[in-house]
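The values are calculated or read from the model by the stated rules, or taken from the named source; none is laboratory data. Owing to the predicted nature of the structure, the values given are computational and were not obtained by experimental measurement. Cβ: placed from backbone, ideal geometry, glycine included. Neighbour counts: every protein chain shown. We work out accessible area using only protein heavy atoms, side chains counted, and drop any ligands, DNA or RNA first. Shrake-Rupley method; radii C 1.70, N 1.55, O 1.52, S 1.80 Å.
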Amino acid sequence: MNKEELVQEISKKASVTQKEASEVLGALIDTIQTTVKKGKKVTLVGFGTFEQRKRAARIGRNPQTGKELKIPAKTVPAFSAGKKFKVAVNGK
């Protein structure tokens, strides 16, 4: 499912126009990105948690040459699924 299809589904289920659904979805995504960028968590109970995670610097290898290279430390976005979401996916 892509963003357009998601907007259509939200529009149907919430009985709002596609434009309104698109604006709400855009605001949700923007708010989550901004909050996580600031280093805070966004927790949607039952769905999951969006947060920052730090990856340490490490040594990697070029698979073609076998030569070692330094991979710098960085911060990445992460999502952890909530219990209800896991149950819905696993059917248990």
> Rounded to a whole number, what % of the accessible area of the chain do carbon and sulfur atoms account for, probe 1.4 Å?
Replying inline: 56
>> Just to confirm, what accessible area per residue do you get for the chain at 1.4 Å probe, in whole Å²?
In response: 83
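Sort 77-90, 51-64 by the packing proxy (mean of other Cβ within 10 Å over each peptide's residues), most packed first. Can you show the working numbers first?
Numbers: 77-90: 12.4, 51-64: 9.9.
Per-residue Cβ counts within 10 Å, averaged per peptide and sorted highest first, yield 77-90, 51-64.
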> What are the lysines whose alpha-carbon lies under 27 Å from the alpha-carbon of Lys41, with same-chain residues fewer than 8 places away excluded?
Replying inline: Lys3, Lys54, Lys74, Lys83, Lys84, Lys86
> For the chain, which DSSP H helices look membrane-span-like by this rule: Cα extent along the axis of 15 Å or more and mean Kyte-Doolittle of at least -0.5?
Replying inline: 18-37
> Straight-line reach from Lys13: which aspartates and glutamates have Cα under 15 Å away, leaving out those fewer than 8 places along the same chain?
Replying inline: Glu4, Glu5
> Using Cα pairs under 8 angstrom and six or more residues apart, how large is the relative contact order of the chain, in percent?
Replying inline: 20
